[in-house]
Amino acid sequence: MIRVLMIVPRFESTGRGVEVFARYLATGLDKARFSVTILSGIHSSVIPDVDCIQFPIVTRETLSAKFINRILKFLPARFLCTPVDLESLSLVWRARHYLRNHSFDVILPFGGTWTYRFANWYKKDAKIISVGHAGPLKADLAVSDFFVALTPTDEEQANQLAPHVSTKVIPNGVDLKAFYPSTLSKKNLARQTILCVGAFSDDKRQDLLLDALAFLDPKIHCILVGKGPRKKLLEEHPQARSGRVQFMELPHQKMPHLYQQADVFSLPAPYEAFGLVFLEALASGLPVVANDGPRQRFVIGDEGIFCDVTDPKAYARALEVALALPSATISARQVNKFSWQDIIGQYEQLLLDINGNACHGAKKDHI
């Protein structure tokens with residue numbers, strides 16, 4: 001039995017990519033071969049056959065309060081004192097006695113550099129696997145035994161940053177039983193809807209989508225789903241104040257229905273490490289508009305409409321092309337490459353190899 005620990009500060013508190021990934025991986029691993037523990041902040045979910053260890057955390061929303069941010073922004077980045085960093089630190093600091101008193105075979109940190117540091121301090125004989133949801137980071141790779149790249153681009157970068165760390169490309173997966181096209185006609189030319197799903201944080205750049213919205217027909221509306229510290233800034237955008245933008249916060253299990261109601265999906269995020277939401281949109285039969293980057297092209301494939309999202313007129317033209325597409329034109333060929341059944345199998349083999357020390361020095365490969 002291989003003992004797996006996942007450190008996920010916001011597990012079950014948000015429907016973002018990392019938290020969704022952790023849930024699918026934790027529940028999908030064969031419990032006859034793997035015991036799974038998730039270390040996180042407080043939540044009310046019960047995950048069958050998964051040991052959930054919970055400690056109170058100080059959330060990034062609390063730490064993003066103006067009076068705190070005025071202090072934090074003057075501290076050098078090397079101090080790891082952003083609201084996200086301190087949120088993770090609040091978890092691993094409170095969990096330090098638990099980490100000291102328990103042993104695991106594999107640790108997967110999902111909460112940034114503080115979770116990697118504490119994993120390294122308390123790992124004993126465990127192997128640390130870095131899964132590149134934020135891309136390869138040199139500080140995290142320095143204490144990792146293996147790096148899982150979500151795209152070939154990330155694997156290339158990891159090889160440059162840490163040539164001594166073995167790597168493999170294993171993309172995120174999508175639940176094709178939950179996300180699928182609507183069987184009902186939904187085209188309403190009187191009110192077409194662009195859906196955007198992502199945390200309201202600096203890297204997602206929903207403001208670029210709202211800038212492009214200004215160059216589209218006033219009948220076209222936008223739904224932004226998420227939460228985060230930039231929500232107030234987005235609400236002050238002229239397009240949001242005009243009434244064309246709806247803000248929503250939904251649990252992940254309610255997202256399939258919302259995808260089915262939209263006409264187009266777009267997430268600007270120029271440097272998105274993967275974009276699970278792209279796969280969810282494709283699986284739901286939506287045309288997808290994204291920034292023209294190598295990661296986005298790997299995930300979305302030929303089904304995507306790509307543009308320079310920093311150019312609002314070019315972005316608007318790409319959205320117009322997507323909105324003009326007839327219903328049910330999106331092929332399932334691309335999204336079928338990312339089924340969770342296949343992805344879980346690849347992770348199970350990786351965990352078995354690492355636990356048997358079979359992968360150290362092995363040839364680096366990708367699917």
- Item | Verdict on residue 314 being touching a strand residue (DSSP E or B) at 6+ places or on another chain (Cβ under 7 Å), over 20 Å from residue 20 (Cα atoms) and not in a loop (DSSP other than H, G, I, E, B) | yes
- Using the structure shown, decide if residue 203 is open to solvent by 70 Å² or more (accessible area, probe 1.4 Å), modelled with pLDDT under 95 and touching a Phe, Trp or Tyr at 6+ places or on another chain (Cβ under 8 Å). yes
- Can you spot a residue in segment 100-107 that is in a helix (DSSP H, G or I) and at pLDDT 95 or above? yes
- Message: Among the residues of segment 126-157, what is the count of those that are out of contact with any Ser or Thr (no Cβ under 7 Å at 6 or more places or on another chain), over 16 Å from residue 8 (Cβ atoms) and open to solvent by 20 Å² or more (accessible area, probe 1.4 Å)?
- Response: 10
- Task: Assess whether residue 161 counts as being on the phi < 0 side of the Ramachandran plot, modelled with pLDDT of 95 or more and within 20 Å of the chain's Cα centre (by Cα).
- Result: no
- Query: Of all the residues that make up segment 209-226, how many are out of contact with any strand residue (DSSP E or B) (no Cβ under 9 Å at 6 or more places or on another chain) and not aromatic (Phe, Trp, Tyr)?
  - Reply: 5
- Item | Pick from segment 49-94, criterion open to solvent by less than 30 Å² (accessible area, probe 1.4 Å) and among the acidic types (Asp, Glu), ranking: modelled with the highest pLDDT | 87
- Residues (within 19 Å of residue 272 (Cβ to Cβ), out of contact with any His (no Cβ under 6 Å at 6 or more places or on another chain) and in a loop (DSSP other than H, G, I, E, B)) located in segment 1-24: 10, 14, 16
- How many residues are open to solvent by 30 Å² or more (accessible area, probe 1.4 Å) and assigned to a loop (DSSP other than H, G, I, E, B) when one looks only at segment 238-283? 6
- Query: Looking only at residues in segment 206-237 that are of a type in the set (Asp, Glu) and assigned to a loop (DSSP other than H, G, I, E, B), which one is surrounded by the most Cβ atoms within 10 Å (Cβ to Cβ)?
  - Reply: 217
- Test residue 242 against the criterion of being in contact with a helix residue (DSSP H, G or I) (Cβ under 7 Å, 6 or more places away or on another chain) and of a type in the set (Gly, Ala, Ser), and give yes or no. no
- Query: Only one of (1) open to solvent by 20 Å² or more (accessible area, probe 1.4 Å); (2) within 19 Å of the chain's Cα centre (by Cα) fails for residue 170. Which number is that?
  - Reply: (1)
- residue 121: open to solvent by 50 Å² or more (accessible area, probe 1.4 Å) and not acidic (Asp, Glu), yes or no? yes
- Message: Just to be sure before I move on: is residue 145 charged (D, E, K, R), within 26 Å of residue 20 (Cβ to Cβ) and touching a residue at least 60 places away in the same chain (Cβ under 8 Å) in the structure I sent?
- Response: yes
- Message: Among the residues of segment 284-316, what is the count of those that are touching a residue at least 40 places away in the same chain (Cβ under 8 Å), over 13 Å from residue 195 (Cβ atoms), open to solvent by 10 Å² or more (accessible area, probe 1.4 Å) and over 15 Å from the mean Cα position of the chain (by Cα)?
- Response: 5
- Among residues of segment 293-311, those that are outside any strand (DSSP E or B) and touching a helix residue (DSSP H, G or I) at 6+ places or on another chain (Cβ under 9 Å), counted: 13
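The values are calculated or read from the model by the stated rules, or taken from the named source; none is laboratory data. What you see is a predicted model, and the numbers here were worked out from it, not measured in a lab. Neighbour counts are summed over all protein chains in view; Cβ atoms, including those assigned to glycine, are modelled from backbone coordinates with ideal geometry. Just the protein is used for accessible areas: all its heavy atoms, side chains included, with ligands, DNA and RNA removed. Shrake-Rupley method; radii C 1.70, N 1.55, O 1.52, S 1.80 Å.
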